[in-house]
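The values are calculated or read from the model by the stated rules, or taken from the named source; none is laboratory data. None of these values were measured; they are calculated from a predicted model. Cβ coordinates were reconstructed from backbone atoms using ideal geometry, including for glycine residues, and neighbour counts include every protein chain displayed. These accessible areas exclude ligands, DNA and RNA; they are computed on the full protein's heavy atoms, side chains included. Shrake-Rupley method; radii C 1.70, N 1.55, O 1.52, S 1.80 Å.
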Amino acid sequence: DDVCDYPSAHINAVNAAAGWVQDQSSRPVCAQYWEIGNEIGGPWEVGYFPTISGTFYGNYFADFVLNMKAANPNIKIGACAEPTNDLQPWGWYLGYWDHDTLLAAQAKGVVPDFFIIHSYQNGGGNGGASNNPTLLGSQVNQIAQWTSNMNTIIQSTLGAQYVGQIGYYMTEWNSSGTDTYDRPSCYVNAMFRAQYILEMAKHNWTGSNPWIYDYDGNYSVFPVWYV
């Protein structure tokens, strides 16, 4: 009960989101893609509670979509997702997140326009990315596996006709070891970033938005960004 004063806080949030869409839609250049939530199945998120689930989230997500698309039916709205169909190994949420989210949203007549994926690849930990050969091999290949996983989840939950209708958008991703001027590490990370984007394109993902260190307040531009 202390997580969200439902329904008043939820209604206020939904109305505020619809207001943002209305404001943006009146501008010559406006936001076309919108995310609802951010990694909400993790204990670092504001409002997190131990029994959060895809069912809880999908129900709330649907309310946002219905009201925001009433303001502008042309926008695309994404739902937080996991690119696997497993129980969360650290117990951060209950159930099977994507499956439960889709069913809860569908119960209100809503299907996400795209899934929101985040991935921070381990580029070798303290040793730096250049010391981890999997960065340019098996970790790049995860894109193909995740695509297959999510296709399967959508088909088994909503039906085969929805595979391809729901896009995949990696809105946060990076590898470790990029905050350095070490030349080998910078080049390996540059190759990883290029190949990762190409893999997403090859598998028809909707988009890609790499995380940059400026977001954390480190305003140094490392060589990898020039490559």
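Tabulated data for the structure shown
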{"read-out": "Filtered residues of region 94-119 (kept if free of Cβ contacts under 8 Å to residues at least 60 places away in the same chain and open to solvent by less than 20 Å² (accessible area, probe 1.4 Å))", "value": "W97, D98, T101, L102, A104, A105, V110, P112, F115, I117, S119"}
{"read-out": "Meets criteria (at pLDDT 85 or above and assigned to a loop (DSSP other than H, G, I, E, B)) for W205", "value": "yes"}
{"read-out": "Looking only at region 76-91, and only at residues there that are closer than 24 Å to Q155 by Cα and hydrophobic (A, V, I, L, M, F, W, C), the one that is most open to solvent (accessible area, probe 1.4 Å)", "value": "L87"}
{"read-out": "Scope region 135-175; condition farther than 17 Å from T84 by Cα and open to solvent by less than 10 Å² (accessible area, probe 1.4 Å); matching residues", "value": "L135, N174, S175"}
{"read-out": "Residue check for N38: under 22 Å from T171 (Cα atoms) and either out of contact with any Gly (no Cβ under 6 Å at 6 or more places or on another chain) or surrounded by 16 or more Cβ atoms within 10 Å (Cβ to Cβ) (or both)", "value": "yes"}
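Conditions tested, residue by residue: (1) surrounded by 14 or more Cβ atoms within 10 Å (Cβ to Cβ); (2) aromatic (F, W, Y); (3) modelled with pLDDT under 95; (4) part of a helix (DSSP H, G or I).
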{"residue": "C4", "(1), (2), (3), (4)": "yes, no, yes, no"}
{"residue": "N15", "(1), (2), (3), (4)": "no, no, no, yes"}
{"residue": "Q22", "(1), (2), (3), (4)": "no, no, no, yes"}
{"residue": "V29", "(1), (2), (3), (4)": "no, no, yes, no"}
{"residue": "G42", "(1), (2), (3), (4)": "yes, no, yes, no"}
{"residue": "G47", "(1), (2), (3), (4)": "no, no, yes, no"}
{"residue": "T55", "(1), (2), (3), (4)": "yes, no, no, yes"}
{"residue": "G58", "(1), (2), (3), (4)": "yes, no, no, yes"}
{"residue": "D63", "(1), (2), (3), (4)": "yes, no, no, yes"}
